[in-house]
Amino acid sequence: MTKRFISYPSIEQYRNVISSIKHMASYVGQDENGDPIYNKNYEKPVISFKGTVKLHGTNASVAYNEIDSLWAQSRNNIITIEKDNAGFAFFVEGHKEQFLDLINTVKERENIDTKTHNIVISGEWCGKGIQKGVSISELPKMFVIFGVKIAPFEQPEDNSIPSVWVDHTELRSPESQIFNIEDFPTFDIDIDFNRPDIAQTQIVKWVEEVENECPVGKAFRVGGECHTGEGIVFKGWYKGCQLMFKAKGDKHSASRVKTIAPVDVEKMNAVHEFVDYAVTENRLNQGIEQVFTTNAEEPSIRKMGDFIRWVVNDIMKEETDTLVKNGIEPKQVNKFISNKARIWFQEFLDKQTGL
């Protein structure tokens, strides 16, 4: 049997993507035992992300191969007219020709052998009767495409034949209520993962704008009192991997706190400027002398914590007046001081050992 359920990946939170990037950026290879080697001092990348409007409907997809032809899926299952999800399988049945045209576009462009691979077009099935409380709930039902995956019939346990994502931006059939998410406004941002907090303010601003007036509802000129949108989904690529995170407004957040909180950019710039000003080469070398040399000890990773504490305490002792003058609290800078001191100390030890 070749037909199988092919899932769409869950969309992470911003903090999860930050953690993944830290992990991926620090990976440098494997040791002789095959265990991963990480260097936490590696500089993290700047990655371009594109945001698209997050639609409040239900995840759906259409899959195809030459043996099983066309079938419909919900977020978790293969669906049929008899066992449907908000009428999507029925919609697919009534628009087979249009979906097969879209499948064929992908097949020819990407040169896909559909005797051995599935083509999966994923999107949001949304509109009247599917969800409530958002602008697009006032619109006729529609399928809005946001991804296309090529998946082999069978996935080996070692993932040696991975699924791949291909371009979806040319796929649409508006006359059949099949749209593309990039038919609507997008949000482009470069995120520096050395300082990912700086991007948060812009992301929150965009999310609030979408929540106040959904760009998709606006494009279809939805009337009435409801103009609410849900949020934004951001996608980027790093080391061949697709990264996704979602940002929702207060009305659609699963918690009582914003998924991404805004930051005071001026304050954060002041914090980083203070760290650059205070954590100098001279101070760090003085820390080596005070913690190790005066105690007749060799610098070692075991005493990194002692070194970092000395640097933080020395700065607090000598630069408190500067912090007060700039309205910066110690708790706002301590982790950045510690991080810079840790990276410097690790590089210092590497030079000492000739690595």
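The values are calculated or read from the model by the stated rules, or taken from the named source; none is laboratory data. Every value quoted in this text rests on a predicted model; they were computed, and no experiment measured them. FYI the Cβ positions are ideal-geometry reconstructions off the backbone, even for glycines, and counts take in every protein chain you see.
Would you point out the residue of the range 320-342, among those that are of a type outside the set (S, T, N, Q) and under 17 Å from residue 282 (Cβ atoms), that is farthest from the chain's Cα centre (by Cα)?
My answer is 341.
Residues that are in a helix (DSSP H, G or I), surrounded by fewer than 22 Cβ atoms within 10 Å (Cβ to Cβ) and either touching a His at 6+ places or on another chain (Cβ under 8 Å) or at positive phi (or both): does the range 137-147 have at least one?
yes
Take the residues in the range 171-215 that are of a type in the set (Phe, Trp, Tyr) and in a loop (DSSP other than H, G, I, E, B), then tell me which one is modelled with the lowest pLDDT.
Top of the filtered list is 193.
Sort out which residues of the range 158-207 are among the basic types (Lys, Arg) and either touching a strand residue (DSSP E or B) at 6+ places or on another chain (Cβ under 7 Å) or without any contact (Cβ under 8 Å) to a residue 24 or more places away in the chain (or both), and write them in order of number.
Listed by number, the list holds a single entry, 172.
In the range 1-118, which helices (runs of 4 or more DSSP H) lie fully inside it and hold 2 or more residues that are in contact (Cβ under 8 Å) with a residue 60 or more places away in the chain, farther than 24 Å from residue 200 by Cα and in the same structural domain as residue 132 (by TED's automatic domain parsing)?
Helices (runs of 4 or more DSSP H) meeting the threshold: 96-110.
Which condition breaks for residue 63 when tested against (1) crowded, with 17+ Cβ neighbours inside 10 Å; (2) touching an Asp or Glu at 6+ places or on another chain (Cβ under 9 Å)?
With (1) crowded, with 17+ Cβ neighbours inside 10 Å; (2) touching an Asp or Glu at 6+ places or on another chain (Cβ under 9 Å) applied to residue 63, the lone miss is (2).
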